[in-house]
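Q: Take a look at the following structure, please.
The values are calculated or read from the model by the stated rules, or taken from the named source; none is laboratory data. Bear in mind the structure is a predicted one, so any value in this text is a computation, not a measurement. Here Cβ is always computed from backbone atoms with ideal geometry, including for glycine, and neighbour counts include all displayed protein chains.
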Number of protein chains: 2
Amino acid sequence: MKIGEVGEFGLIKKIRELFRAEGSVWGIGDDCAILPYGDKELLITTDTLVQGVHFFEGVEPYLLGRKSLAVNLSDIAAMAGKPKWAFLSLSLDIDRELSWIEQFLMGFRDIALEYDVSLLGGDTTSSDKLYISVTLVGENERGKSVKRNTARDGDIVLVTGSIGCSYAGFVALRDGLEGYDELKKRHLDPKPRFFEAFKVAPFATAMIDISDGLIQDCLHICEESGVGMEIYWDKIPFCGAEFISKEEMLCGGEDYELVVCVKSCFKEKVESMDGFTVIGEVKKGGRIEVLRGGKVVKIKDCGYSHF
Amino acid sequence: MKIGEVGEFGLIKKIRELFRAEGSVWGIGDDCAILPYGDKELLITTDTLVQGVHFFEGVEPYLLGRKSLAVNLSDIAAMAGKPKWAFLSLSLDIDRELSWIEQFLMGFRDIALEYDVSLLGGDTTSSDKLYISVTLVGENERGKSVKRNTARDGDIVLVTGSIGCSYAGFVALRDGLEGYDELKKRHLDPKPRFFEAFKVAPFATAMIDISDGLIQDCLHICEESGVGMEIYWDKIPFCGAEFISKEEMLCGGEDYELVVCVKSCFKEKVESMDGFTVIGEVKKGGRIEVLRGGKVVKIKDCGYSHF
């Protein structure tokens, strides 16, 4: 059997079966691993960007440098942690222009400075394509990180910002559409949602960042928490882009917005917060039902999987 | 200007200029970064293995799984730390057999169990070639990690094990030589030198593991510490392989032995320890002189650089 037949999430399941975390550490299956340390806990996450898969040769190196840290920052934000230290592994072709790498590094450095992150190490190797692997270490007060597996029946489901703009920006770039600068920026230079994460964390039972697509990432919460969800189509803050469908917006991924579950007693509190939209409710069972005008909408093959 | 013209160490120098670690953390330029945490310090290292650069398609996946963690373990050993938690990023072609990946994971798991390491996370992406990026977190008592930049004029220089066997094994594999199983094993399944590291650490002023080649890794200590070295050719414990030259053994790399600097007052103490050989002395100035029968041997273009 080939990897392509097992699928990315099938592979991750196999890895989890082989490697079980023990004791107080929290391992595979969340945005970050959690390592308790005295009165703190460390959060560790890693993300790889591959040329031809996550980005194309023509991308501005400065923005790629920013994004390669941003996608990791978003994982720390999704646990309501504070980012601290980064490690950068670069696999590079020897024919690449030094100026390209310098621009890439300037982008990485600028976003690192914006979020008070220090680069502490990494690795450089030769390669025929560009691979960028970043490990980011964050910190939190002990027990304060918001996980995926703690959503409960009856919680309300919120989302930050809008859904689908990053995918719309990707399509605009891919198809060479003129204009749409704001959408393109959403795809090329995503903004990790720390501000919203810190604001909502005291009320949150579970949280995740949207990298694979709203529906798929909601499903990750459901699977880890052993719950289901009802999502109300009409409440979803879809992106204003008119050239892709709403289904594509739900499934495109790379929004780097947050999905948050909150106990229903805090509903009024969080509804009054800027930047959040209530889009559904946590239910018993393991399924997600998207309801549109009271009817269940079928959404299939939705969300990004690498294999 | 192309990356190939700047060279790997030129690129790392540029990165260090752009990113300076602040405060009590110890950053780029050592085997691991050091993060002080209460009465402990965390050690973090990352290493990437690239198909066609670090290994070839025919390699046994079980052994590759072992080696991809072993090279990181060696970095923790070189600081005299205890390895704890690993993160594995795999970029895979979708046509790869699942059984191949399972064998790879079994190798990774077995060596993780041998060294009490838990896999806590990672990332899976698609790719046309196999990229394996591992981040390993270790731990030490605060202030006990042995760095590279603390060798001092007058220290003696020791090395563990023998030098050149891994490169000999690589050549035997590359050229399809029959036999030489022990040498091939040294290349495919290197053993991190924790036992030796812990034994020598109380006396060590500086330590590094040999990944780029004995001479080049000695040079890393010299550059970081602002010192030079005299290395005595006749004292070097060369590998017994007869089909490569001693120059190749010095430069081939991937020995994963340790180079240790020790204050001269502990010379007798460490000479009596099993598994160590005194090969030289730390001197003023920034150069390494390899002496053979009292004469300086010229060794040029020595050691592995990716660009």
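Q: Would you mind stating whether residue A:43 is in contact (Cβ under 8 Å) with a residue 12 or more places away in the chain, crowded, with 24+ Cβ neighbours inside 10 Å and touching a Cys at 6+ places or on another chain (Cβ under 6 Å)?
A: yes
Q: State whether the residues of the stretch B:71-81 include one that is modelled with pLDDT under 95 and in a helix (DSSP H, G or I).
A: We begin by selecting, within the stretch B:71-81, every residue modelled with pLDDT under 95; these are none.
No, every residue in the stretch B:71-81 fails to be modelled with pLDDT under 95 and in a helix (DSSP H, G or I).
Q: Of the numbered conditions (1) modelled with pLDDT under 90; (2) among the basic types (Lys, Arg); (3) not in a loop (DSSP other than H, G, I, E, B), residue B:267 fails exactly one; give the number of that condition.
A: Among (1) modelled with pLDDT under 90; (2) among the basic types (Lys, Arg); (3) not in a loop (DSSP other than H, G, I, E, B), the lone unmet condition for residue B:267 is (1).
Q: Given the structure, is residue B:248 touching a Pro at 6+ places or on another chain (Cβ under 8 Å) and either buried (at least 16 other Cβ atoms within 10 Å of the Cβ) or within 19 Å of residue B:80 (Cβ to Cβ) (or both)?
A: Values: touching a Pro at 6+ places or on another chain (Cβ under 8 Å): no; either buried (at least 16 other Cβ atoms within 10 Å of the Cβ) or within 19 Å of residue B:80 (Cβ to Cβ) (or both): yes.
In short, no.
Q: Would you mind finding the one in A:12, A:3 that is touching a Leu at 6+ places or on another chain (Cβ under 6 Å), within 11 Å of chain B (Cβ to nearest Cβ) and modelled with pLDDT under 85?
A: A:3
Q: Does residue A:38 count as away from chain B (no Cβ under 11 Å), under 30 Å from residue A:140 (Cβ atoms) and touching a residue at least 40 places away in the same chain (Cβ under 8 Å)?
A: Working: away from chain B (no Cβ under 11 Å): no; under 30 Å from residue A:140 (Cβ atoms): yes; touching a residue at least 40 places away in the same chain (Cβ under 8 Å): yes.
Judged against the criteria, residue A:38 is not a match.
Q: Would it be correct to say that residue B:158 is surrounded by 24 or more Cβ atoms within 10 Å (Cβ to Cβ), within 30 Å of residue B:278 (Cβ to Cβ), more than 10 Å from every other protein chain (Cβ to nearest Cβ) and at pLDDT 95 or above? Step through it out loud before you land on a result.
A: On the way: surrounded by 24 or more Cβ atoms within 10 Å (Cβ to Cβ): yes; within 30 Å of residue B:278 (Cβ to Cβ): yes; more than 10 Å from every other protein chain (Cβ to nearest Cβ): yes; at pLDDT 95 or above: yes.
In short, yes.
Q: Would you confirm whether any residue within the stretch A:267-280 is surrounded by 14 or more Cβ atoms within 10 Å (Cβ to Cβ) and of a type in the set (Asp, Glu)?
A: No - not one qualifying residue is present in the stretch A:267-280.
Q: How do the pairs read when you match residues in the stretch B:240-254 that are under 17 Å from residue B:184 (Cα atoms) with residues anywhere that are among the acidic types (Asp, Glu) and crowded, with 21+ Cβ neighbours inside 10 Å, using Cβ under 6 Å and keeping only pairs 6 or more apart or on different chains?
A: These pairs meet every condition: B:253/B:212.
Q: Going through the stretch B:93-137 one residue at a time, which ones are modelled with pLDDT of 90 or more, in contact with a Gly (Cβ under 9 Å, 6 or more places away or on another chain) and charged (D, E, K, R)?
A: If the condition is that a residue be modelled with pLDDT of 90 or more, in contact with a Gly (Cβ under 9 Å, 6 or more places away or on another chain) and charged (D, E, K, R), then B:109, B:110 are the ones that fit.
Q: Then there is this: Looking at the stretch B:18-32, is at least one residue surrounded by fewer than 16 Cβ atoms within 10 Å (Cβ to Cβ), in contact with a helix residue (DSSP H, G or I) (Cβ under 9 Å, 6 or more places away or on another chain), outside any strand (DSSP E or B) and at the interface with chain A (Cβ under 7 Å from one of its Cβ atoms)?
A: Residues of the stretch B:18-32 that are surrounded by fewer than 16 Cβ atoms within 10 Å (Cβ to Cβ), as a first pass: B:18, B:20, B:22-24.
Keeping just the survivors that are in contact with a helix residue (DSSP H, G or I) (Cβ under 9 Å, 6 or more places away or on another chain) gives B:18.
If we keep only those that are outside any strand (DSSP E or B) too, we end up with B:18.
Keeping just the survivors that are at the interface with chain A (Cβ under 7 Å from one of its Cβ atoms) gives B:18.
Yes, the conditions are met somewhere in the stretch B:18-32.
Q: Just to check your reading of the model, which residue among B:183, B:188, B:173 is in the same structural domain as residue B:272 (by TED's automatic domain parsing) and at pLDDT below 95?
A: Working: B:183 fails: at pLDDT below 95; B:188 fails: at pLDDT below 95.
It is B:173.
Q: Out of (1) facing another protein chain (nearest Cβ under 8 Å); (2) over 23 Å from residue B:34 (Cα atoms); (3) surrounded by 24 or more Cβ atoms within 10 Å (Cβ to Cβ), what's the single condition that is false for residue A:85?
A: Answer for residue A:85: the failing condition is (2).
Q: Hey, another quick one. Go through the stretch A:88-118 and count every residue that is in a loop (DSSP other than H, G, I, E, B), in contact (Cβ under 8 Å) with a residue 40 or more places away in the chain and surrounded by fewer than 24 Cβ atoms within 10 Å (Cβ to Cβ). Don't jump to the end; show me each part of the working.
A: Narrowing the stretch A:88-118 to residues in a loop (DSSP other than H, G, I, E, B): A:93-96, A:115-117.
Checking the rest, the ones that are also in contact (Cβ under 8 Å) with a residue 40 or more places away in the chain come to A:115, A:117.
Now drop any that are not surrounded by fewer than 24 Cβ atoms within 10 Å (Cβ to Cβ), which leaves A:115.
Total meeting the criteria: 1.
Q: Related question: So in the stretch A:123-154, with the set limited to residues that are facing chain B (nearest Cβ under 10 Å) and surrounded by fewer than 24 Cβ atoms within 10 Å (Cβ to Cβ), which one is nearest to residue A:225 (Cα to Cα)?
A: Only one residue fits best here, namely A:139.
Q: Can you work out which of the residues in the stretch B:96-116 that are hydrophobic (A, V, I, L, M, F, W, C) and under 28 Å from residue B:195 (Cβ atoms) is farthest from the other protein chains (Cβ to nearest Cβ)?
A: Here is the first cut: in the stretch B:96-116, the ones hydrophobic (A, V, I, L, M, F, W, C) are B:98, B:100-101, B:104-106, B:108, B:111-113.
With under 28 Å from residue B:195 (Cβ atoms) added as a condition, the list becomes B:104-106, B:108, B:111-113.
On the way: B:104: 11, B:105: 5, B:106: 8, B:108: 8, B:111: 12, B:112: 7, B:113: 10 Å.
Restricting to residues being hydrophobic (A, V, I, L, M, F, W, C) and under 28 Å from residue B:195 (Cβ atoms), the top hit is B:111.
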